[in-house]
Amino acid sequence: MNWILLIIAGLFEVAFATCLGKAKESSGTETIYWYIGFLLCLAISMILLVKVTQVLPIGTAYAVWTGIGAVGTVLLGIFIFNEPATFWRLFFITTLIASIIGLKVVSN
């Protein structure tokens, strides 16, 4: 169950980074809504991370959390914000995914 919560926390990290990107592109009251979304997603992500680190090792939990956030944010950047999808960028994202899976496999 803690691994599922950690994945959800990582997805909320992706969500708060996405809210920041959308806030940058918006104007007026729409910007305020994106910042509110950022704060909500940030709070949920942090609360879940704190809960998970009470059971899982902090080094593993934090690495997986940031890895999910990094991979998800790069992928959303490619698909939503039209960032480049170069070979090396995708190669290193793939190695990051493999590292996250590896941490899960070797953790208790």
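The values are calculated or read from the model by the stated rules, or taken from the named source; none is laboratory data. All values derive from a computational prediction rather than experimental measurement. All Cβ positions, even for glycine, are placed from backbone atoms using ideal geometry, and neighbour counts span all protein chains on display.
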Study note, to complete from the structure: Inside segment 72-108, the number of residues satisfying the requirement of being free of Cβ contacts under 8 Å to residues at least 24 places away in the same chain, over 23 Å from Cys19 (Cα atoms) and β-branched (Val, Ile, Thr) is 6
Review point. Inside segment 1-10, can you point out the residues that are surrounded by 14 or more Cβ atoms within 10 Å (Cβ to Cβ) and assigned to a loop (DSSP other than H, G, I, E, B)?
Key: none
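Would you mind finding the one in Leu56, Leu75, Leu40 that is modelled with pLDDT of 95 or more and surrounded by 13 or more Cβ atoms within 10 Å (Cβ to Cβ)?
After ruling out the rest, the residue left standing is Leu40.
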Exercise for review: Test Ala61 against the criterion of being closer than 22 Å to Val106 by Cβ and in contact with a Ser or Thr (Cβ under 7 Å, 6 or more places away or on another chain), and give yes or no.
Suggested key: yes
Exercise for review: Quickly run through segment 70-85 and pick out the residues that are within 18 Å of Ile100 (Cα to Cα) and among the polar types (S, T, N, Q).
Suggested key: Thr73
Exercise for review: Six or more apart or on different chains, Cβ under 7 Å: which pairs go from a residue in segment 41-56 that's without any contact (Cβ under 8 Å) to a residue 24 or more places away in the chain to one that's assigned to a helix (DSSP H, G or I) and hydroxyl-bearing (Ser, Thr, Tyr)? Could you list them?
Suggested key: none
Check your understanding: Restricting attention to segment 23-33, and to residues there that are surrounded by fewer than 18 Cβ atoms within 10 Å (Cβ to Cβ) and in contact with a helix residue (DSSP H, G or I) (Cβ under 8 Å, 6 or more places away or on another chain), which single residue is nearest to Phe81 (Cα to Cα)?
Key -> Ser26
